[in-house]
1. How large is ³J(HN,Hα) for each residue in region 432-444, as worked out from phi by the Karplus curve 6.51 cos²θ - 1.76 cosθ + 1.60 (θ = phi - 60°), to whole Hz, x for Gly and Pro?
2. Please state the relative contact order of the chain as a whole percent: Cα pairs under 8 Å, 6+ residues apart?
3. In region 600-661, which GluC sites (Glu not before Pro) are in a loop and have at most 14 other Cβ atoms within 10 Å, using DSSP for the loop call?
4. Quick one: Cα centre-to-centre distance for region 300-349 and region 207-230, in angstrom?
5. Once the piece of chain linking F153 and K539 is laid out straight, how much longer is it, given 0.36 nm per residue of separation minus the C-alpha distance between them?
6. I'd like the isolated cysteines in the chain, meaning no second cysteine's beta-carbon lies under 4.7 angstrom from theirs.
7. Only loop residues by DSSP count here, and only those with at most 13 other Cβ atoms within 10 Å; note down the GluC sites (Glu not before Pro) in region 451-515 that meet that.
8. Tell me, how many Å apart are the Cα centres for region 390-447 and for region 163-194?
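Taken together, the values in this text are just the output of simple stated rules run on the coordinates, not laboratory data. The structure presented is a predicted model; accordingly, all values stated were derived computationally and were not measured. Neighbour counts run over all protein chains shown; Cβ positions are idealised from the backbone, glycine included.
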Amino acid sequence: MKKDKKKKQRRAEYKELILARLKRAGKKPLTFKELHKGLRSARGFDFESFVMAIEKLKEKGTIVEDRRGLRLADKGDFERCTVSRLNKTYGFVKSVLTGEEYFVPGKHMQGAMPGDTVLVRSYEGEGEKREAEVMEIEQEGFSKFTGEIVAEFGYLRIVPDTLSKFAMPFSNPLGIELHEHDKVMAVITQRGKRHSDHRCEILAAFGSSLRAAVCALSVLELSGITPVFPPEVIAEARRVSDEYSVRADIPSRLDLRDQIIFTIDGAATKDIDDAVSFRRTRSGYELGVHIADVSHYVTPKSELDNEAFRRGTSVYYADRVIPMLPQELSNGICSLNPGEDRLAFSCIVQLSRSAEIKSYKFVKTVIRSRVKGVYSEINRLLAGEDDPELNEKYKEVLPQLPVMKELADKLKKKRTARGAPELETQEGVLLINEEDICVGVQPYERGESQEMIEDFMLTANECAAKFGLENGLPFVYRVHEPPSEEKTEALKEVLVKLNIPFEFSGTPKPQELAAILDKVKGTDIGVILNSVILRSMSKAKYSTEPIGHYGLVLEDYAHFTSPIRRYPDLTIHRIMTALLSGESAEEVKKRFGKFAYASADQSTMTELTAMQAERSCEDCYKAEYLKAHIGEEREGIISSVTSFGFFVAMPDTCEGMVPVRALGDGEYSFDGMMTLRNENTGEQWRVGDKVRVKIESAEVSSGRVDLAIIE
C-alpha cells in the first residue's frame, strides 16, 4: 500500500518536472530521450513512473507527441464541438466541422451544458462510437432555462427541461411562491466543474408543469416570444388603423372594388392577408393575387416597424397565434374582411394557356372581398356538392371556381413537370377542449383548395423576385441551396440500405429526388423516406443574393404574400413601393441597401426561433394527450434510430422514444444511420420497421414520451 502511494507521488512529481521542461522549451518539441536525459540523474529515479507520467499527460491531452517529439498541447490540437445533449452520467458533443457525435463520460464533461461550445480531445472508446473528453469550455451557451420544481430529500430542487436531469439547488431572491410540479424559469448564476456544483436562481413561475398550456408559455418566454405588445406599439396601431386612412388613399389607387375578388383560408383564420381573382383571356388567363398593403400602415423606423422587425414572424401553436403585428392591424384594418374596403398591393399576372408567365405588374389597389372562403367549403364545391346553403354563401364567386380549378391544375402540372419534389410531411392537428387541455391529435389533411392557393401564391412570389432582379433593387429573396456533400453521401447510404435504386452520383437534382419519392408513394417506407430526404436538404433561408430555390426548382423566388405575419414580405413591399412611387433604382439602393441585409439576417434567425418554439410547444401538448393514454398499445413505424434508442411515429403524428434500457439485456450497436442491433440475440430494429408499442410514460414539461416494444 505504501509502495503504491509512493509511486503515485513520484508520478505526480515527474508530471510537474516534465511540464516545466516542456514549458521552458516553448514551441520546440523535446524527444523522449531529451526529457529522459534531463531527469534520469535525479536521485532515486523511477523509469516506470516516468514513462507512466508521460502516458497519463498524453492521455489527458495536456501534452501531445508527433514525429518530432513531445510538446505542450495548444488549442489547435483539440476539436471544437457543441454539447448536444446530457444525461446524469454521460453526455454527447457534436463536431462543429464534421457533425460527428462523440460520447463523453460524465466525469469528462467538466460541467459543460447543452449549447456550450467546447474544445475536446477525441479517442477510440470501448464501443463503436468514438469518445471524447472536454478540455475547455470555450463559450457558455445557456444561462436561462426552464424546468420543473421537484421535492428531493425534503428540499425543493429544479430539474431542467433540456440542460440536464440533475436536480439543482436554487435561490429564490424574488420570493416567488413555489410548489412541487411548478413550471419555472431560472438562470444559472454560478458554474462548477461538475453539474451538481452549478447554482441557479428562480426568475418566474408559470403554473403547473402538468399542463401543456403552462409549459408552452414557458417555452415562448424562454425564446423571447411574448403575446404582449408594448403600450406605445398598441397606441400607434390604433392611431394608424383609422378607416379614414382607407377612404383618403382611394383616389391614388387602382380601384378593383367592382371585380370578383375573394379570400380562402381556414375557418378560424382572423388575419386574412391574401385574396385572389381570375379571368380567362384570349391568350390564357389573368390571375390576381391581392395582398394586404401592410407597408402603408407600418412605416420605416416607427414603433410598429421596430417591434415587427424584432419579432420577425407570427408564431402559431396549438389553437393560438402570437402575431407579428397588433390585432388592430392583423385582424383589423389589414385583414381583407368581406364587404369592407381594403388597401391592397396587387400582383396581376398574365399567363398563357399552359400557365406560363407572360407578363406581370404590381400595383397599389383598393379591393372589396366578396366572401370569406373556407377551405373545407370550397373543397366541397369543387367536388360538385350541391348544398343550397353553400351555394347561397358563394353565389357571387361560383362562376370563378371553374376558371380557378382549370388554372390551378395547369400550374400544378407545370410544377410537376419541372421536377419539384412533393414532400409529404406529417403535420398534426391538436384538439383542445374548453379547459385548454389537449384531448386528441389527428393528421392534418390538405385538400384541393389548399394546394390551389399555394400555387397561386407561388406564382405571385416568383413574379416579385423577378421584379426585384429586373429592376436591380436591393431585395430579400427566399433561397434554398442544394444538399451539402456530407448530407448527400448520408442520403445515398440510406437509399442503399433500403434497397431503393437511384441514379445520381454527385448532388442529386430535384427531379431525381421527385422520382424516388414517386416510387415509394403510398408504401410503408414512403413516410420515412419523405423524412429522410427532408433531413438531407439544406434549410431554406432569406438572403439578399438571388441564388434560387432548389426545392421549388425556381430561379427566382421571394416571399411577397404574407406581410401581416412575415417581416421579409413587409420588407420587399416597402422596397417595391418606393420604386413604383417614382424613386429611381439608385435612390432605392441607397435608401434600402443596408436594410435589406439586416432584414434577411433577422428574418432567418426569428424564423428558426419560431419554428423551434412551435415544435417544443406541440411536443408538450402531444405529451399531455398521451399522458391520459398510458398503458395503451399502438401501431407505429420506426422513424429514426440513435445509439440510445429509436423513435416511433404513430398514425396520429404523435412520436415517442423506445430507449435502449427498455429493450432488455444485451450489448447494443448502432450502425450510425438506421439500425440498432442487440449483438447478444441478433435482434435488430431498423428505420421503416413496423412495431407495436405501449405508452410507458409522458412528461408534459419536456414533451418527452417513452414507449416500450410489445413482443
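1. 10, 8, 5, 8, 6, 10, 6, 10, x, 9, 9, x, 6
2. Values: 1373 pairs, mean separation 70.3, N = 711.
It rounds to 10 percent for the chain.
3. On the way: sites: E607, E614, E618, E624, E632, E633, E635, E655; in loops: E632.
Here the sparse-neighbourhood loop sites are E632.
4. Using only Cα atoms to place each centre, the spacing works out to 22 Å.
5. Numbers: separation 386, 0.36 × 386 = 138.96 nm, distance 4.63 nm.
Length gained, F153 through K539: 134.3 nm.
6. C81, C200, C334, C347, C438, C463, C617, C654
7. Values: sites: E451, E454, E462, E470, E485, E486, E489, E493, E503, E512; in loops: E503.
Hits after loop and neighbour filter: E503.
8. 45
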